[in-house]
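The values are calculated or read from the model by the stated rules, or taken from the named source; none is laboratory data. Being a predicted model, the structure only gives us computed values, none of them experimental. Here the Cβ positions follow ideal geometry from the backbone for every residue, glycine too, while neighbour counts run over all protein chains shown.
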Amino acid sequence: MRRLTFGLTLVLLCGAEPAAAQTAAIQAAPAPERAVPKPAKKPTAKKPPPKPSPIARELFGAATAPAPLAARSIGGYAKGCLAGGVSLPINGPDWQVMRLSRNRNWGNPRLLDYLERLASDARAHDGWPGLLVGDMSQPRGGPMLTGHTSHQIGLDADIWLTPMPDHILTPQEREDMSAVSMLKDPFTVDPAVFTLLQVKLIKRAASYPQVARIFVHPAIKKALCQQAAQAGKERAWLGKVRPWWNHHYHFHVRLACPPGTAGCDGQKPVTGDDGCGQELANWYAMLKKAAIEMAKPPRPGAKPWVGKPPLRMAQLPKECGSVLTAGGFEPPIPKEGDVPTALAAMATKDAGPPVPVLTDAQLKALTGNAGGDVPLPDRNPMR
(Lines give C-alpha, C1' and ligand atoms only; values in the text may rest on other atoms or scores of the structure.)
Protein backbone atom coordinates (compact mmCIF):
# COMPACT_ATOMS: atom_id res chain seq x y z
CA MET A 1 0.00 0.00 0.00
CA ARG A 2 2.83 2.33 0.86
CA ARG A 3 4.45 1.49 -2.49
CA LEU A 4 1.27 2.36 -4.40
CA THR A 5 0.90 5.66 -2.55
CA PHE A 6 4.54 6.51 -3.22
CA GLY A 7 4.21 5.76 -6.94
CA LEU A 8 1.16 7.92 -7.36
CA THR A 9 2.85 10.78 -5.58
CA LEU A 10 5.89 10.46 -7.87
CA VAL A 11 3.76 10.48 -11.00
CA LEU A 12 1.94 13.59 -9.85
CA LEU A 13 5.18 15.35 -9.03
CA CYS A 14 6.77 14.47 -12.39
CA GLY A 15 3.71 15.52 -14.36
CA ALA A 16 3.42 18.82 -12.54
CA GLU A 17 7.01 19.88 -13.25
CA PRO A 18 6.72 20.05 -17.06
CA ALA A 19 3.35 21.75 -16.79
CA ALA A 20 4.81 24.35 -14.46
CA ALA A 21 7.75 24.83 -16.80
CA GLN A 22 5.41 25.25 -19.78
CA THR A 23 3.33 27.76 -17.85
CA ALA A 24 6.45 29.71 -16.92
CA ALA A 25 7.65 29.67 -20.50
CA ILE A 26 4.34 30.96 -21.73
CA GLN A 27 4.36 33.69 -19.14
CA ALA A 28 7.90 34.66 -20.05
CA ALA A 29 7.25 34.77 -23.84
CA PRO A 30 6.77 38.25 -25.30
CA ALA A 31 3.26 39.23 -26.25
CA PRO A 32 2.58 38.99 -30.01
CA GLU A 33 2.85 42.29 -31.89
CA ARG A 34 -0.36 43.79 -33.08
CA ALA A 35 -0.61 44.38 -36.87
CA VAL A 36 -0.30 48.09 -37.55
CA PRO A 37 -2.54 49.13 -40.49
CA LYS A 38 -0.58 50.57 -43.43
CA PRO A 39 -1.49 54.09 -44.47
CA ALA A 40 -3.77 54.21 -47.49
CA LYS A 41 -2.03 54.94 -50.78
CA LYS A 42 -2.67 58.35 -52.18
CA PRO A 43 -4.32 58.18 -55.61
CA THR A 44 -1.76 58.92 -58.29
CA ALA A 45 -2.71 61.65 -60.68
CA LYS A 46 -3.26 60.35 -64.20
CA LYS A 47 -0.85 61.72 -66.73
CA PRO A 48 -2.52 63.51 -69.59
CA PRO A 49 -2.23 61.65 -72.90
CA PRO A 50 0.70 62.75 -75.03
CA LYS A 51 -0.07 65.56 -77.40
CA PRO A 52 -0.40 64.25 -80.96
CA SER A 53 2.29 65.29 -83.38
CA PRO A 54 1.39 68.01 -85.90
CA ILE A 55 -0.59 67.24 -89.04
CA ALA A 56 2.03 66.74 -91.72
CA ARG A 57 0.20 68.28 -94.67
CA GLU A 58 -0.09 71.64 -92.94
CA LEU A 59 3.66 71.79 -92.39
CA PHE A 60 4.84 70.49 -95.77
CA GLY A 61 2.24 72.64 -97.50
CA ALA A 62 3.82 75.72 -95.94
CA ALA A 63 7.28 75.05 -97.40
CA THR A 64 7.78 77.18 -100.50
CA ALA A 65 11.37 76.14 -101.26
CA PRO A 66 13.11 72.74 -101.46
CA ALA A 67 15.24 71.21 -98.73
CA PRO A 68 18.90 72.13 -99.47
CA LEU A 69 20.03 68.52 -99.31
CA ALA A 70 21.18 65.89 -101.77
CA ALA A 71 18.29 64.77 -103.99
CA ARG A 72 16.55 61.76 -102.49
CA SER A 73 13.07 60.23 -102.38
CA ILE A 74 12.33 59.08 -98.82
CA GLY A 75 9.59 56.66 -97.80
CA GLY A 76 6.65 55.57 -99.92
CA TYR A 77 4.57 57.31 -102.55
CA ALA A 78 1.78 57.93 -100.01
CA LYS A 79 3.91 58.32 -96.87
CA GLY A 80 7.19 60.10 -97.38
CA CYS A 81 9.03 63.27 -98.40
CA LEU A 82 11.51 64.69 -100.89
CA ALA A 83 15.01 66.01 -100.23
CA GLY A 84 16.77 68.18 -102.79
CA GLY A 85 13.68 68.67 -104.97
CA VAL A 86 14.08 70.35 -108.35
CA SER A 87 11.39 72.43 -110.09
CA LEU A 88 10.26 71.75 -113.63
CA PRO A 89 10.47 75.02 -115.61
CA ILE A 90 6.95 76.30 -116.19
CA ASN A 91 7.64 76.60 -119.94
CA GLY A 92 9.60 74.21 -122.09
CA PRO A 93 9.88 73.51 -125.79
CA ASP A 94 7.28 70.75 -125.51
CA TRP A 95 5.43 71.38 -122.22
CA GLN A 96 3.74 73.93 -119.98
CA VAL A 97 2.99 73.68 -116.25
CA MET A 98 -0.58 74.25 -115.06
CA ARG A 99 -2.02 75.62 -111.78
CA LEU A 100 1.10 77.58 -110.87
CA SER A 101 -0.42 78.86 -107.62
CA ARG A 102 -0.20 75.36 -106.16
CA ASN A 103 3.61 75.34 -106.39
CA ARG A 104 3.56 71.62 -107.10
CA ASN A 105 5.95 71.41 -110.07
CA TRP A 106 8.74 69.83 -107.99
CA GLY A 107 10.25 66.39 -108.16
CA ASN A 108 13.23 64.11 -108.01
CA PRO A 109 15.66 64.95 -110.86
CA ARG A 110 14.79 61.53 -112.27
CA LEU A 111 11.19 62.68 -112.77
CA LEU A 112 12.20 65.89 -114.52
CA ASP A 113 14.45 63.99 -116.92
CA TYR A 114 11.56 61.67 -117.71
CA LEU A 115 9.03 64.44 -118.36
CA GLU A 116 11.39 66.37 -120.65
CA ARG A 117 12.17 63.24 -122.65
CA LEU A 118 8.51 62.18 -122.88
CA ALA A 119 7.48 65.63 -124.09
CA SER A 120 10.18 65.64 -126.75
CA ASP A 121 9.57 62.06 -127.95
CA ALA A 122 5.79 62.42 -128.03
CA ARG A 123 6.03 65.49 -130.26
CA ALA A 124 8.71 64.05 -132.52
CA HIS A 125 7.30 60.53 -132.96
CA ASP A 126 3.58 60.66 -132.13
CA GLY A 127 2.40 64.09 -133.27
CA TRP A 128 1.46 65.20 -129.73
CA PRO A 129 1.77 69.02 -129.63
CA GLY A 130 3.09 69.20 -126.06
CA LEU A 131 2.39 68.21 -122.47
CA LEU A 132 0.21 70.10 -120.03
CA VAL A 133 1.75 69.07 -116.71
CA GLY A 134 -0.45 69.07 -113.63
CA ASP A 135 0.53 68.27 -110.05
CA MET A 136 3.93 66.75 -109.38
CA SER A 137 5.11 67.22 -105.77
CA GLN A 138 5.53 70.05 -103.28
CA PRO A 139 9.01 71.57 -102.80
CA ARG A 140 9.78 69.15 -99.96
CA GLY A 141 7.27 66.50 -100.95
CA GLY A 142 5.16 65.17 -98.12
CA PRO A 143 1.37 65.08 -97.82
CA MET A 144 -0.58 67.75 -99.70
CA LEU A 145 -3.26 69.94 -98.24
CA THR A 146 -5.65 69.09 -101.09
CA GLY A 147 -6.05 66.70 -103.94
CA HIS A 148 -3.75 63.71 -103.44
CA THR A 149 -2.71 61.02 -101.04
CA SER A 150 0.35 60.09 -103.10
CA HIS A 151 2.76 62.45 -104.93
CA GLN A 152 4.84 62.64 -101.72
CA ILE A 153 8.34 61.60 -102.80
CA GLY A 154 8.84 63.41 -106.09
CA LEU A 155 8.26 60.44 -108.41
CA ASP A 156 4.61 61.06 -109.43
CA ALA A 157 3.19 63.45 -112.02
CA ASP A 158 -0.23 64.14 -113.54
CA ILE A 159 -0.30 64.77 -117.29
CA TRP A 160 -3.43 66.17 -118.88
CA LEU A 161 -4.98 64.31 -121.81
CA THR A 162 -5.77 67.71 -123.32
CA PRO A 163 -3.24 68.71 -126.02
CA MET A 164 -1.11 71.78 -125.30
CA PRO A 165 -2.35 74.94 -127.06
CA ASP A 166 -0.19 76.54 -129.72
CA HIS A 167 0.66 79.57 -127.58
CA ILE A 168 2.17 80.22 -124.17
CA LEU A 169 -0.62 80.35 -121.63
CA THR A 170 -0.86 83.30 -119.26
CA PRO A 171 -0.74 82.64 -115.50
CA GLN A 172 -4.49 83.30 -115.32
CA GLU A 173 -5.22 80.88 -118.17
CA ARG A 174 -3.26 78.23 -116.34
CA GLU A 175 -5.51 78.73 -113.31
CA ASP A 176 -8.81 78.88 -115.17
CA MET A 177 -8.40 76.48 -118.08
CA SER A 178 -10.05 73.12 -117.47
CA ALA A 179 -8.81 69.77 -118.69
CA VAL A 180 -11.23 67.91 -120.97
CA SER A 181 -12.92 64.73 -119.74
CA MET A 182 -12.38 61.73 -121.99
CA LEU A 183 -15.71 60.14 -120.99
CA LYS A 184 -19.05 60.11 -122.75
CA ASP A 185 -20.73 58.40 -119.76
CA PRO A 186 -19.45 56.67 -116.61
CA PHE A 187 -18.44 53.57 -118.61
CA THR A 188 -17.42 54.75 -122.08
CA VAL A 189 -14.85 57.06 -123.62
CA ASP A 190 -15.94 59.79 -126.01
CA PRO A 191 -14.39 59.12 -129.44
CA ALA A 192 -14.60 62.81 -130.26
CA VAL A 193 -11.92 63.60 -127.67
CA PHE A 194 -10.20 60.30 -126.88
CA THR A 195 -8.44 59.55 -130.14
CA LEU A 196 -5.44 57.62 -131.35
CA LEU A 197 -3.31 60.59 -130.31
CA GLN A 198 -4.18 59.94 -126.64
CA VAL A 199 -3.56 56.22 -127.13
CA LYS A 200 -0.10 56.89 -128.56
CA LEU A 201 0.74 59.32 -125.75
CA ILE A 202 -0.15 56.85 -123.00
CA LYS A 203 1.70 54.04 -124.75
CA ARG A 204 4.73 56.28 -125.16
CA ALA A 205 4.59 57.26 -121.47
CA ALA A 206 4.52 53.59 -120.41
CA SER A 207 7.35 52.53 -122.71
CA TYR A 208 10.27 53.78 -120.61
CA PRO A 209 11.89 51.30 -118.21
CA GLN A 210 11.87 53.71 -115.24
CA VAL A 211 8.04 53.79 -115.23
CA ALA A 212 6.46 51.64 -112.52
CA ARG A 213 2.76 52.45 -113.08
CA ILE A 214 0.42 54.63 -115.11
CA PHE A 215 -3.08 55.19 -113.74
CA VAL A 216 -6.09 55.89 -115.97
CA HIS A 217 -9.88 55.65 -115.68
CA PRO A 218 -11.19 52.08 -116.21
CA ALA A 219 -12.97 53.17 -119.41
CA ILE A 220 -9.67 54.45 -120.79
CA LYS A 221 -7.97 51.19 -119.84
CA LYS A 222 -10.69 49.30 -121.70
CA ALA A 223 -10.24 51.48 -124.77
CA LEU A 224 -6.49 50.87 -124.70
CA CYS A 225 -7.03 47.11 -124.47
CA GLN A 226 -9.40 47.15 -127.43
CA GLN A 227 -7.10 49.29 -129.53
CA ALA A 228 -4.14 46.99 -128.81
CA ALA A 229 -6.25 43.97 -129.76
CA GLN A 230 -7.15 45.59 -133.08
CA ALA A 231 -3.55 46.55 -133.78
CA GLY A 232 -2.33 43.05 -132.93
CA LYS A 233 1.01 44.35 -131.72
CA GLU A 234 3.11 44.05 -128.59
CA ARG A 235 0.98 44.43 -125.44
CA ALA A 236 3.45 44.22 -122.54
CA TRP A 237 3.22 47.99 -121.95
CA LEU A 238 -0.46 47.57 -121.01
CA GLY A 239 0.57 45.78 -117.82
CA LYS A 240 1.88 49.06 -116.41
CA VAL A 241 -1.36 50.91 -117.19
CA ARG A 242 -3.72 50.34 -114.28
CA PRO A 243 -7.34 51.43 -113.75
CA TRP A 244 -8.01 53.89 -110.94
CA TRP A 245 -10.77 56.22 -109.89
CA ASN A 246 -11.09 59.78 -111.24
CA HIS A 247 -8.32 59.58 -113.83
CA HIS A 248 -10.66 60.51 -116.69
CA TYR A 249 -9.05 63.80 -117.81
CA HIS A 250 -5.40 63.03 -117.05
CA PHE A 251 -3.08 60.10 -116.54
CA HIS A 252 -0.82 59.66 -113.54
CA VAL A 253 2.78 58.59 -114.12
CA ARG A 254 4.66 56.92 -111.27
CA LEU A 255 8.36 56.20 -111.57
CA ALA A 256 10.22 53.44 -109.78
CA CYS A 257 12.67 54.36 -107.04
CA PRO A 258 16.06 55.37 -108.46
CA PRO A 259 18.49 52.42 -108.33
CA GLY A 260 20.53 52.26 -105.16
CA THR A 261 18.38 54.72 -103.22
CA ALA A 262 18.15 53.66 -99.57
CA GLY A 263 14.85 54.25 -97.82
CA CYS A 264 12.72 54.64 -100.96
CA ASP A 265 9.79 52.22 -100.90
CA GLY A 266 8.83 51.34 -104.46
CA GLN A 267 6.10 49.15 -105.87
CA LYS A 268 6.44 45.56 -106.97
CA PRO A 269 7.24 45.12 -110.65
CA VAL A 270 4.30 44.24 -112.89
CA THR A 271 3.68 40.53 -113.41
CA GLY A 272 3.44 40.54 -117.21
CA ASP A 273 -0.37 40.28 -117.29
CA ASP A 274 -1.78 42.99 -119.54
CA GLY A 275 -4.72 43.57 -117.15
CA CYS A 276 -7.30 43.35 -119.93
CA GLY A 277 -9.07 40.26 -118.57
CA GLN A 278 -10.54 39.54 -115.16
CA GLU A 279 -8.94 42.54 -113.49
CA LEU A 280 -10.68 44.92 -115.87
CA ALA A 281 -13.97 43.03 -115.48
CA ASN A 282 -13.70 43.43 -111.71
CA TRP A 283 -13.11 47.14 -112.11
CA TYR A 284 -16.19 47.49 -114.28
CA ALA A 285 -18.27 45.77 -111.62
CA MET A 286 -17.04 48.31 -109.07
CA LEU A 287 -17.51 51.13 -111.57
CA LYS A 288 -21.11 50.16 -112.16
CA LYS A 289 -21.87 49.98 -108.45
CA ALA A 290 -20.28 53.40 -107.87
CA ALA A 291 -22.16 54.95 -110.80
CA ILE A 292 -25.49 53.69 -109.48
CA GLU A 293 -24.77 55.04 -106.00
CA MET A 294 -23.74 58.43 -107.37
CA ALA A 295 -26.92 58.71 -109.45
CA LYS A 296 -29.23 57.93 -106.54
CA PRO A 297 -30.45 60.78 -104.34
CA PRO A 298 -28.63 60.92 -100.99
CA ARG A 299 -30.25 58.98 -98.20
CA PRO A 300 -31.83 61.16 -95.49
CA GLY A 301 -29.50 61.47 -92.53
CA ALA A 302 -26.58 59.84 -94.34
CA LYS A 303 -23.24 61.00 -93.02
CA PRO A 304 -20.90 62.58 -95.56
CA TRP A 305 -17.80 60.65 -96.49
CA VAL A 306 -14.78 62.13 -94.74
CA GLY A 307 -11.99 59.72 -95.68
CA LYS A 308 -9.01 58.70 -93.58
CA PRO A 309 -7.61 61.02 -90.93
CA PRO A 310 -4.65 63.09 -92.15
CA LEU A 311 -1.13 61.81 -91.63
CA ARG A 312 0.82 63.22 -88.71
CA MET A 313 4.53 63.86 -88.60
CA ALA A 314 5.10 60.87 -86.33
CA GLN A 315 3.73 58.58 -89.07
CA LEU A 316 6.26 59.69 -91.68
CA PRO A 317 9.84 58.39 -91.84
CA LYS A 318 11.99 60.05 -89.18
CA GLU A 319 14.20 61.64 -91.81
CA CYS A 320 11.25 63.69 -93.03
CA GLY A 321 11.54 65.84 -89.91
CA SER A 322 15.07 66.81 -90.96
CA VAL A 323 13.92 67.40 -94.53
CA LEU A 324 11.17 69.70 -93.30
CA THR A 325 13.48 71.88 -91.19
CA ALA A 326 16.58 71.76 -93.42
CA GLY A 327 18.10 75.14 -94.15
CA GLY A 328 16.59 76.68 -91.04
CA PHE A 329 12.97 76.48 -92.21
CA GLU A 330 10.56 76.75 -89.29
CA PRO A 331 7.08 75.76 -90.43
CA PRO A 332 4.23 77.43 -88.57
CA ILE A 333 2.43 74.93 -86.35
CA PRO A 334 -1.28 75.77 -86.50
CA LYS A 335 -3.70 74.95 -83.75
CA GLU A 336 -5.59 71.70 -84.08
CA GLY A 337 -8.21 72.05 -86.78
CA ASP A 338 -7.03 75.52 -87.80
CA VAL A 339 -5.69 75.99 -91.33
CA PRO A 340 -3.87 79.28 -91.96
CA THR A 341 -5.24 81.45 -94.72
CA ALA A 342 -2.05 81.06 -96.76
CA LEU A 343 -2.48 77.29 -96.81
CA ALA A 344 -6.20 77.39 -97.48
CA ALA A 345 -5.49 79.50 -100.54
CA MET A 346 -3.73 76.51 -102.07
CA ALA A 347 -7.06 74.76 -102.47
CA THR A 348 -7.52 75.93 -106.05
CA LYS A 349 -10.14 74.64 -108.45
CA ASP A 350 -9.94 71.07 -109.70
CA ALA A 351 -7.99 70.56 -112.88
CA GLY A 352 -10.89 68.94 -114.70
CA PRO A 353 -14.62 68.21 -114.59
CA PRO A 354 -16.17 65.57 -112.35
CA VAL A 355 -16.95 62.06 -113.56
CA PRO A 356 -20.19 61.93 -115.57
CA VAL A 357 -23.29 60.84 -113.66
CA LEU A 358 -25.90 58.43 -115.01
CA THR A 359 -29.04 60.00 -116.40
CA ASP A 360 -32.40 58.90 -115.01
CA ALA A 361 -32.96 56.75 -118.07
CA GLN A 362 -29.55 55.09 -117.73
CA LEU A 363 -30.10 54.49 -114.03
CA LYS A 364 -33.50 52.91 -114.71
CA ALA A 365 -32.01 50.73 -117.43
CA LEU A 366 -29.35 49.45 -115.04
CA THR A 367 -31.58 48.87 -112.02
CA GLY A 368 -35.24 48.83 -113.09
CA ASN A 369 -35.61 45.96 -115.56
CA ALA A 370 -36.98 42.54 -114.65
CA GLY A 371 -33.57 40.97 -114.33
CA GLY A 372 -32.32 43.81 -112.14
CA ASP A 373 -29.27 44.24 -114.32
CA VAL A 374 -28.04 44.80 -117.86
CA PRO A 375 -24.57 44.22 -119.25
CA LEU A 376 -22.20 47.15 -119.27
CA PRO A 377 -21.03 48.53 -122.61
CA ASP A 378 -18.67 45.93 -124.03
CA ARG A 379 -16.85 48.22 -126.40
CA ASN A 380 -15.49 51.74 -126.47
CA PRO A 381 -15.62 53.27 -129.96
CA MET A 382 -12.18 54.30 -131.13
CA ARG A 383 -11.21 56.76 -133.76
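Things to note:
- Residues of region 203-216 include none that is more than 21 Å from Trp128 (Cα to Cα) and in contact with an Asp or Glu (Cβ under 6 Å, 6 or more places away or on another chain).
- The conditions of being at positive phi and touching a residue at least 12 places away in the same chain (Cβ under 8 Å) are not met by Gly61.
- Hits in region 166-191 (condition: in contact (Cβ under 8 Å) with a residue 60 or more places away in the chain, assigned to a loop (DSSP other than H, G, I, E, B) and out of contact with any helix residue (DSSP H, G or I) (no Cβ under 7 Å at 6 or more places or on another chain)): Ile168, Leu169, Met177, Ser178, Ala179, Val180, Ser181, Pro191
- Strands (runs of 3 or more DSSP E) fully within region 41-131 counting 2 or more residues that are over 17 Å from Ala326 (Cβ atoms): 95-97
- Considering region 204-261, and only residues there that are of a type in the set (Lys, Arg) and at pLDDT below 95, the residue that is farthest from Ala281 (Cα to Cα) turns out to be Lys233.
- Looking across region 291-316, just one residue is exposed (fewer than 14 other Cβ atoms within 10 Å of the Cβ), in contact (Cβ under 8 Å) with a residue 12 or more places away in the chain and more than 30 Å from Ile74 (Cβ to Cβ), and that is Lys296.
- Pairs are defined by a Cβ separation below 7 Å, a sequence spacing of at least 6 or placement on different chains, a first member in region 192-209 that is part of a helix (DSSP H, G or I) and of a type outside the set (Val, Ile, Thr), and a second member that is at pLDDT below 95 and surrounded by fewer than 20 Cβ atoms within 10 Å (Cβ to Cβ); the pairs so defined are Leu196/Arg383.
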